[in-house]
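Participant: One structure is given below, represented as structure tokens, and several questions about it will come after.
The values are calculated or read from the model by the stated rules, or taken from the named source; none is laboratory data. The structure displayed is predicted, hence computed values, not measured ones. For neighbour counting, all protein chains shown are included, and Cβ atoms are generated from backbone atoms with ideal geometry for every residue, glycine included. Please note that ligands, DNA and RNA were not included when accessible areas were found on the heavy atoms of the full protein model with its side chains. Shrake-Rupley method; radii C 1.70, N 1.55, O 1.52, S 1.80 Å.
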Amino acid sequence: MEIIMSRLVLKDNICASAACKSWLDAGVFVRVVEKHPWLFYMSRRGHSLKLVDPFQWKSYTLELPEIAKSTVCYSREGWLLMHRSNSKDIFFFSPFSRELISLPKFAFPFNEIAFSYPPTSDNCVVVALNFNVQHRVTTISTCHPGATEWIASVFPANYQQFSMKTKIVYHNDRFYCFNVGIERLFSFHPSSRTWKSYPHANLDPTLTQDWYKKEHFLAETKGELFLMLTNLNEEPMVYKLVSWSWKKMSPSELDGLTFFVSFYNSELGTNLPWVRNNVCFSRFGYNRRHVSYSFDQSRYNPSIEWNNELDLCPPQSLWINPPNNVLDYL
């Protein structure tokens, strides 16, 4: 039975495990499950932070003076991109190994910033975007670990307002962002330094009427881009990019996806059987809980009434992927 179960994909393994106790034991024993991100919470003041395993609700407090008087700008693969506004310092930091990797000072304003790979990779690129609505230009600056300066390029922007509302996502050698207000997907290719827009986003026409009232999360996994829109008063809506148009996905089409969304980043999981077809929002502090939404049960947990006056994603929290030996650092 274990041999048979080991050859099933996760979805079929879960279905077969419901047959009886012996099948359940065999299925769970061989089930391959992804690592899940942890909740990272930084205090408003000082340099203490908490790491929380959201499914076991074990929390750990860390004192990290290295990041005092700095703010998080982005998170990817266990690394944080930090910014000290008073000194113009931009640097990478791992809260687990406490390794710090500096970048050249960045004296220009930016609206969004992201990076492609961890700073220990030769393919790491940092990109900072600044949208100047008055002059209708987009300035894109890039850098990489070991560089001595930032390289900037200016592109014309034939639109009056750029309300991006989503973080930058790196996908297939390009950085992507989405402007819900004008229904455009944008991409930047760092090697050729080309900035491109895709005007035919094909979202539901009714969405643009209330786009400013919703939270928007752009994410990628296994070569595909996803866009999620939601607020506290409705079911989240998930779209997948198909032939450069957004196709709305039904709950049955999610196929076990788990969205982990925060103010700084969005992560996607596919092999997490206990939170299949769920959205996990970042939250920490009130009753030490985080908010989630189940597409299968069509409800928020905790209840929508409990969380009606609270932000889904407070700026002080984010999701971070811990290393396999995370407990060795805590």
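Participant: Among the residues that make up region 37-55, is at least one of them open to solvent by less than 80 Å² (accessible area, probe 1.4 Å), part of a loop (DSSP other than H, G, I, E, B) and acidic (Asp, Glu)?
Facilitator: Looking through region 37-55, none of the residues is open to solvent by less than 80 Å² (accessible area, probe 1.4 Å), part of a loop (DSSP other than H, G, I, E, B) and acidic (Asp, Glu).
Participant: Another one. When region 224-252 is examined, which residues are found to be touching a Lys or Arg at 6+ places or on another chain (Cβ under 9 Å), of a type in the set (A, V, I, L, M, F, W, C) and more than 16 Å from Asp296 (Cα to Cα)?
Facilitator: Leu225, Phe226, Leu227, Leu229, Leu241, Trp246
Participant: Now, a different point. Can you pull out the residues in region 211-228 that are surrounded by 12 or more Cβ atoms within 10 Å (Cβ to Cβ) and modelled with pLDDT under 70?
Facilitator: Across region 211-228, the qualifying residue is only Trp211.
Participant: Given the conditions (1) open to solvent by less than 50 Å² (accessible area, probe 1.4 Å); (2) at pLDDT 75 or above, report the number of the one that His290 does not fulfil.
Facilitator: The failed condition is (2).
Participant: Pairs please, first residue from region 254-271 and more than 13 Å from His216 (Cα to Cα) and small (Gly, Ala, Ser), second anywhere and open to solvent by less than 30 Å² (accessible area, probe 1.4 Å) and at pLDDT 90 or above, Cβ atoms under 6 Å, 6+ apart in sequence or on different chains.
Facilitator: Close Cβ pairs (under 6 Å, with a partner that is open to solvent by less than 30 Å² (accessible area, probe 1.4 Å) and at pLDDT 90 or above) amount to Gly269/Thr258.
Participant: Give the residues of region 293-316 that are modelled with pLDDT of 85 or more, hydroxyl-bearing (Ser, Thr, Tyr) and either buried (at least 19 other Cβ atoms within 10 Å of the Cβ) or within 19 Å of the chain's Cα centre (by Cα) (or both), sorted by residue number.
Facilitator: Tyr293, Ser294
Participant: With Val33, Val9 as the choices, which residue is within 29 Å of the chain's Cα centre (by Cα), open to solvent by less than 60 Å² (accessible area, probe 1.4 Å) and modelled with pLDDT under 80?
Facilitator: Val33
Participant: Return yes when Thr148 is among the hydroxyl-bearing types (Ser, Thr, Tyr), farther than 23 Å from Val326 by Cβ, surrounded by fewer than 19 Cβ atoms within 10 Å (Cβ to Cβ) and within 18 Å of the chain's Cα centre (by Cα) and no when it is not.
Facilitator: no
Participant: While we're looking at this one, here's another question. Output the residue which, of all residues in region 247-274 that are under 17 Å from Lys214 (Cα atoms) and not small (Gly, Ala, Ser), is surrounded by the most Cβ atoms within 10 Å (Cβ to Cβ).
Facilitator: Phe260
Participant: Every residue in region 14-24 that is modelled with pLDDT of 85 or more and assigned to a helix (DSSP H, G or I), please.
Facilitator: Cys15, Ala16, Ser17, Lys21, Ser22, Trp23, Leu24
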